[in-house]
Every structure is written in structure tokens, then in C-alpha cells.
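Peer 1: Would you mind keeping the following structure in view while I ask a few things?
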Amino acid sequence: MKVLKIIFCILSCICVAASIFVGIFLGWEWFFVVIAGAAVFGGGMVWAKRKSDPPPKPSADFMNTDEQNEQIKQENEENQDK
């Protein structure tokens, strides 16, 4: 998945860089087509990142109540024992 992220990133950057020249030489319609392609490749990059990275474990936070922080600590300790 890491390779897929890199490929999508490179393709998105190429589309953004090429969009100016495409817009100048071929018109606004093609400019927006190339920008839409960049958005699709950018979305693919985000999708690949979310698919490959595990969700973060909750951690104690000063915005949580004391009860919530205790519950998070207990869940983290139980998960470490497994």
C-alpha cells in the first residue's frame, strides 16, 4: 500500500503541474478535467493511507473527564496483556 500511496501522490502532483499548461494551450474545459484527475488521484492517496494505517489507540487527554481517562487506561492495559 505504501507504493500505491507514492504513485497516487506523484500522479496528483503531475496533474496539478500540467494543469496550467493544459489550460493555456487547450482551454478551460481541459484544465478542469486535469484538475479533476488530480483530485481523484489525491483521493486515492488518502484512501490508500487510511487503508494501510491502523486507527490510533485512544489515549488519556486533558479534555476527557477523569472517568473517561480511567476507562481508556484500563482498556489500554487490557490490550497490552493480550
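The values are calculated or read from the model by the stated rules, or taken from the named source; none is laboratory data. All figures in this text were calculated on a predicted structure; none of them were measured in a lab. Cβ atoms come from the backbone with ideal geometry, glycine included; neighbour counts cover every protein chain shown. With ligands, DNA and RNA removed, areas are computed over all heavy atoms of the protein, side chains included. Shrake-Rupley method; radii C 1.70, N 1.55, O 1.52, S 1.80 Å.
Peer 1: What's the extension gain from Phe62 to Val33 if we count 0.36 nm per residue and subtract their Cα-Cα distance?
Peer 2: 5.8 nm
Peer 1: Any chance you could check the Cα centroid distance between region 49-82 and region 2-16 for me, in angstrom?
Peer 2: A separation of 32 Å, based on Cα centres.
Peer 1: Additional query: May I ask you to give the percent of accessible area on the chain that is carbon plus sulfur, with a probe radius of 1.4 Å?
Peer 2: On the chain, the fraction of accessible area on carbon and sulfur atoms equals 67 percent.
Peer 1: Set Lys and Arg Cβ to +1 and Asp and Glu Cβ to -1, take the dipole of the chain about its Cα centre, and tell me which of Asn69, Ile20, Met45 lies farthest positive.
Peer 2: Selected residue: Ile20.
Peer 1: Another question, then. Compute the angle between helix 66-81 and the longest alpha-carbon principal axis of the chain, please, reported from 0 to 90 degrees and rounded to the nearest 10.
Peer 2: For 66-81 against the chain, the angle is about 90 degrees.
Peer 1: Continuing with this model, one more query. Measure nothing fancy, just the Cα-based angle from helix 2-26's long axis to the longest principal axis of the chain, in degrees from 0 to 90, nearest 10.
Peer 2: Roughly 30 degrees between the two axes.
Peer 1: Report, in degrees rounded to the nearest 10, the 0 to 90 angle that the Cα long axis of helix 28-52 makes with the longest principal axis of the chain.
Peer 2: Helix 28-52 sits at roughly 20 degrees to that axis.
Peer 1: Then there is this: For region 21-82, which chymotrypsin sites (Phe, Trp or Tyr not before Pro) pass both filters: DSSP loop (anything but H, G, I, E, B) and at most 14 other C-beta atoms within 10 Å?
Peer 2: Answer by residue number: Phe62.
Peer 1: So, for the chain, what is the accessible surface per residue at a probe of 1.4 Å, expressed in square angstrom?
Peer 2: About 82 Å² of surface per residue is accessible.
Peer 1: Continuing with this model, one more query. Under 19 Å Cα-Cα from Lys57, which aspartates and glutamates qualify once same-chain neighbours fewer than 8 residues away are excluded?
Peer 2: Answer for Lys57, where 19 Å is the Cα cut-off: Asp66, Glu67, Glu70, Glu75, Glu77, Glu78, Asp81, listed by chain and number.
Peer 1: As an exercise, use a Förster radius of 41 Å and the Cβ-Cβ distance of Gln80 and Ile10 to find the FRET efficiency, rounded to the nearest 0.05.
Peer 2: 0.60
Peer 1: Just from its helices, what would the mean residue ellipticity at 222 nm be for the chain, if runs of 4 or more DSSP H residues each count -39500 (n - 2.57) and the sum is divided by every residue, rounded to the nearest 500 deg cm²/dmol?
Peer 2: -28000 deg cm²/dmol
Peer 1: A further question on this structure: With charges set only on the Cβ (+1 for Lys and Arg, -1 for Asp and Glu), what does the dipole of the chain come to about its Cα centre, in debye to the nearest 20?
Peer 2: Here the chain has a charge dipole of around 700 debye.
Peer 1: Inverting the mean 1/r over all pairs of different Cα atoms, compute the Kirkwood radius of the chain and quote it in Å.
Peer 2: Radius from the Kirkwood sum: 15.9 Å.
Peer 1: How would Ser59, Ser12 rank on accessible area, largest to smallest, probe 1.4 Å?
Peer 2: Largest accessible area first, the list is Ser59, Ser12.
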